[in-house]
1. Take segment A:74-105 and flag every residue that is assigned to a strand (DSSP E or B) and aliphatic (A, V, I, L, M).
2. Name the residue that is surrounded by the fewest Cβ atoms within 10 Å (Cβ to Cβ), counting only residues in segment B:192-206 that are touching a residue at least 60 places away in the same chain (Cβ under 8 Å) and away from chain A (no Cβ under 14 Å).
3. Which condition number in (1) in a strand (DSSP E or B); (2) surrounded by fewer than 17 Cβ atoms within 10 Å (Cβ to Cβ) is the one that residue A:145 fails?
4. Please find, among A:547, A:537, A:530, the residue that is without any contact (Cβ under 8 Å) to a residue 40 or more places away in the chain and either more than 16 Å from the chain's Cα centre (by Cα) or away from chain B (no Cβ under 14 Å) (or both).
5. Might you check whether a residue that is out of contact with any strand residue (DSSP E or B) (no Cβ under 7 Å at 6 or more places or on another chain), part of a strand (DSSP E or B) and small (Gly, Ala, Ser) occurs anywhere in segment B:135-155?
6. List the residue pairs whose Cβ atoms are under 7 Å apart, where the first residue sits in segment A:301-326 and is under 17 Å from residue A:357 (Cβ atoms), the second is aromatic (Phe, Trp, Tyr), and the two are 6 or more positions apart or on different chains.
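The values are calculated or read from the model by the stated rules, or taken from the named source; none is laboratory data. These numbers come from a predicted model, not from an experiment. Don't worry about glycine lacking a Cβ; one is built from the backbone with ideal geometry, like all the others, and counts go over all protein chains shown.
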Amino acid sequence: MKTARLLPRFILLMFSSMACGGGDTNSPAVEGVIARVTGDGQSATVGTALQPYQVKVTGQGTAPTAGATVQWAVVSGGGSVSAATSVTDAAGLAEITATISNVIGAQVVRAVAPGLIDSLVTFTSTGTADVPALAQKTAGDGQTGTKALPLSTALAVRVTDQFGNVVAGVTVSWLVIQGGGAVASLTSITSGAGLATVTWTLGASAGASAVTATVAGLAPLTFTATAVNSFVVLSGGSNVPERYGSDLWVADGYGYSGTWGFRSRAGNAVKIWQLNGTGAPTLVDSIITVGIGTVSDIEVSPDGRWLVFTAEGGSENGIHVFELTAPGVPVFRAKSLVGTGLHTGTLAVIGGKLYAFTAKDPGSPALIIYDLSQAASGVLTPVSSTPIPPNYGIHDTFVRDGYAFVFAWDEGLYIFDVGNGSNGGSVAAPVQVSHTAGFGGETHNGWWFHNPTTNEKKYLFIGEEGPGGVGTSSSGDIHVVDVSNLSAPVEVASFHLPGAGVHNFWMDEPAQRLYAAYYNGGVVALDVSGTLSGNLGSRLISQLKPGGTGQTYVWGVMLYNGSLYVSDMLSGFWQLSVP
Amino acid sequence: MIASHRWLLRVALLVASVTPPLLQAQDRPEVRIGTQAIGLLTSVEDIPGRGSLTEARIVQPVVMLHAGALHGHLRFTGTLNLEGQTIPRGELAPGAWGEGYNDRRHPHTYAHELLLSGIDLLGPFDGAGRLSLTAGKGFAPFGSDDPMSRPVVRYPVNHHLAQVLERAVVIAGYRAGPVFLEGALFNGDEPERPDQWPRVSRFGDSWSVRLTALPAMGVEFSVSRAKIHSPEHRPGAGKDAWKWHLAARADRMVGRVRLYGLAEWARTEEADGFFVFSSLLAEMAARRGRHRPYYRFERSDRPEDLRTLDLFRSVRPHLENSILGITRFTLHTVGYGFAVGPRASPLVLEPFVEATLGSAQSLDGGVLTPGILYGTTSVRSLSVGLRAAWGMAGHRMGRYGDLLDAGHEPGMSHDHPM
């Protein structure tokens, strides 16, 4: 502590001797002392003058030295002194007045009596903020949140004075003026950083909500928010205890969910769920395929006739096609085996024919397109195979308007013309429109948003699948890409959910909502209306972990008849109401 | 392909059997050949998918060739490993992992070591210092010796945390008195089958350094650091692994007993620290006459990868950067060997019995826990076998250049009866 006090003094002495002594370092010092008398340790509002700083100069013994020149200067903290020098009077006293700068903090002024052995003293005073002159919203405005629940981001106000200094200790009063609900505290005090925060729990009804923040003497600030309905579990759950769940599809009153990996059984089952009048699922049958380890993707054709799934992890890897002779009644028709496996399969009708766009796993990953038009007679015809660089390969494909969006992990996004005609491509000869890297580097899946409200086809949502410990942790964000020009996609926005990473998507396009499976984060609904830019944190509508914390790791979601169906790896097949 | 490998095995064993160990004077070319194989009967309870399994295999069949010329300035180290023929599905070993195998130790590549070293390249120009350069396929200078050259037959769980092997590597080493500094560049990719070679295109994407001090004969301390790019994804899309390793090792005579001991700590971080795997291992052996008891304690973490329908195997190549959990194995392995071959001979015949008891615990509650995989958290295995070796004395896999013969007293091996 003593060293800490002496060190700055030593440094000041060094600098002052250099500054004042000039070339006089060989001149002998005269016995004498300069000492503080009054003025040290004051505190005053920024921009104001302090009480005078006074020093006393004494010679041999304690005799005052009259007529000695004392040099004054601001060493740090800004501000000014009333005079650069002053002369001691008969009592050996000299003084000046210092003015604090406009910035809060310590101001140090030194007084030097040249030529004395002990020739330096310093005065330290503190500038404090002026009265509050401005209050600003710094966080929490414009959020969308689940009704009756706290918003994800606390409301925050920063208070500053006329010079822009943050003002601590100011009372901010909070008042709910619309939508009901409550703030955690009616008042809060600004911190050393000038910030006052409060948590806002929205009212019990969906709709517009508002809170004011008031600082005495200043105009109130208004924070707005939109309260929406929350996800609610309607039925399901804890219904696939022997296996881990994978992908799902719902059509014509039946749900189909895959399984993967190894629990007490291998992930070789497709579960068939009958939905009752309220949409609640009941397990009615299963397809067990010996020789596969994972049902990696599952889909029903738009006409409801074909149930298609892809498989990995065994000897029967590839694509398996079943005809739904009636809803919920699959009959095996055809398969095409691919040694390393197919990671996903996406169905699309192009030119009146049904095709499956499949992602062939590494070592030699490729987009393989199958013609399913002869599946009833047991024939699956691969019509093209487009190689993808052999990193982690393709993870998913989204097909719309004759374009195939291929999500290829480290490689990023490929867009192929597979029948649109813009670039002369076809399913037999896809033509690459563009290739764009980025999106977090682990490009997994996507959805090209056709907004029926604006008629825009501007945004492509891409899921990034970062590292994760399956069942417990995950990472990766949603990236929003402007594909107005398909030849040059540009990322414009992103959404990050702390502590979890995204997996598969579904969209309610008329409602302009994106639903995302978020592994250990459960299920997330985002408002994707209007212009999307920057951080979409405030677009979070609702989040739910259907199995609860520790028992939730959601693979996929799908909206059907107003319910969101969820396939959770750990807790099974669920029906949720949507916000 | 298989037929050719069998032919190769026969030739290698024939060469080894007719060529006696030979260590000639330093001013003449030096050639030393050794060979080893272990007949092993192992029973494990419980295995992946539950239940027990007993298997008889020939493990660690190797033929080693050391050659030197130019007054010891040029050294060749070669080790042919034939596990691709004898244990193509791996060796039953609870907790073992790596190269797509789980609870089975993977077979090594046929060309286990194939390196040429130039030693003391600057001669008197760097004073007492000695600069060496080594290039070829083998171990990167990181961590401890290959478990194959250590007393316990059963491989430790930490094999891929404490060694970096089967790489195309260029090593620069410098010795100043009792201190050795090694630095290396190599390819990050691990092999996925015994006949696979390192990807030349990836050479240089990974590095390691190791500082070794030998304060006394047979006593050694080392610290290692390595960055390995995408070790488990050969094309290179995987995450980097950052590794630390600390070790203290002793191998020396104390009275009439040859004592060996190793204590090591290893830590691997992957995906910018998203995954962390640690290991603590201590092992010791004492050879007196024909008797050799030994013991190992190990507490090591293992990543659980997505399995195939064969639960001993995981999906290769990886499809993503996720794992299914982390399992911590805490294992005690105790063994006893009794040499029956002639004393002071290059031939070693040592029947042995070895048992492992311990536990496996999920560290993170992932989806592939010991309870799901084995139906228990207990680990139990028992092995009996016969170690047969000829001329393997002093061969420490993973040390090249000036470190080739360092770290043990000359002419001694814990394998050999005295």
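1. Answer for segment A:74-105, where residues must be assigned to a strand (DSSP E or B) and aliphatic (A, V, I, L, M): A:74, A:75, A:81, A:87, A:93, A:94, A:96, A:98.
2. Step by step, filter segment B:192-206, then rank; the result is B:195.
3. Every condition holds for residue A:145 apart from (2).
4. None of the other options fit; the residue is A:530.
5. No, that holds for no residue.
6. A:307/A:256; A:307/A:322; A:319/A:370; A:320/A:309; A:321/A:306
Table: residues versus (1) part of a strand (DSSP E or B); (2) crowded, with 20+ Cβ neighbours inside 10 Å; (3) of a type in the set (D, E, K, R).
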position	(1), (2), (3)
A:422	no, no, no
A:432	yes, no, no
A:459	yes, yes, no
A:466	no, yes, no
A:493	yes, no, no
A:501	no, yes, no
A:507	yes, yes, no
A:515	yes, yes, no
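Okay, residues lined up against (1) surrounded by 19 or more Cβ atoms within 10 Å (Cβ to Cβ); (2) at pLDDT 95 or above; (3) not in a strand (DSSP E or B):
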position	(1), (2), (3)
A:308	yes, yes, no
A:315	no, no, yes
A:339	no, no, yes
A:346	yes, yes, no
A:349	no, yes, no
